[in-house]
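What follows is a single structure, written as structure tokens, with notes after it.
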Amino acid sequence: MADKIFAKGIYFNEKSGNAPDFVLGSLSIKTGEFIEFLKEQGKGDLKLKILMSKGGKPYLEVDTWKGYPKEDKVEIVESKNDDLPF
């Protein structure tokens, strides 16, 4: 299992008690810190997961899952054997 990479400079905040049900929360971004973090990650897309800590506090983690390895293509070969019973 790969080491966890926590997003730096971006934070998920739970909604306040007075917020309506359709509000899930908010994000706070420390622009300088987040831009530096993005530069460290390289080019391309960056996917973040919103997770809940054991203490019940939400946090953001970089999603490093690359997908399942592609299987080798299987070639189907038809048998020309006339001895088959069907």
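Below, the figures for the structure above:
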| quantity | calculated |
| --- | --- |
| All positions within region 1-28 that are assigned to a loop (DSSP other than H, G, I, E, B) and within 16 Å of the chain's Cα centre (by Cα) | 1, 2, 3, 4, 5, 7, 8 |
| Unique match (being acidic (Asp, Glu) and either at pLDDT below 90 or within 19 Å of the chain's Cα centre (by Cα) (or both)) among 36, 71 | 71 |
| Complete set of residues in region 59-68 that are of a type outside the set (Phe, Trp, Tyr) and either part of a loop (DSSP other than H, G, I, E, B) or modelled with pLDDT under 90 (or both) | 63, 64, 66, 67 |
| Looking only at region 1-50, and only at residues there that are exposed (fewer than 12 other Cβ atoms within 10 Å of the Cβ) and among the small types (Gly, Ala, Ser), the one that is nearest to residue 67 (Cα to Cα) | 2 |
| Close pairs from region 27-48: first of a type in the set (Val, Ile, Thr), partner part of a strand (DSSP E or B) and surrounded by 10 or more Cβ atoms within 10 Å (Cβ to Cβ), Cβ under 7 Å, at least 6 apart | 29/10 |
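The values are calculated or read from the model by the stated rules, or taken from the named source; none is laboratory data. Nothing here was measured: the structure is a model prediction, and the numbers come from that model. Quick reminder, even Gly has a Cβ in these numbers, built from the backbone with ideal geometry, and neighbours come from all protein chains shown.
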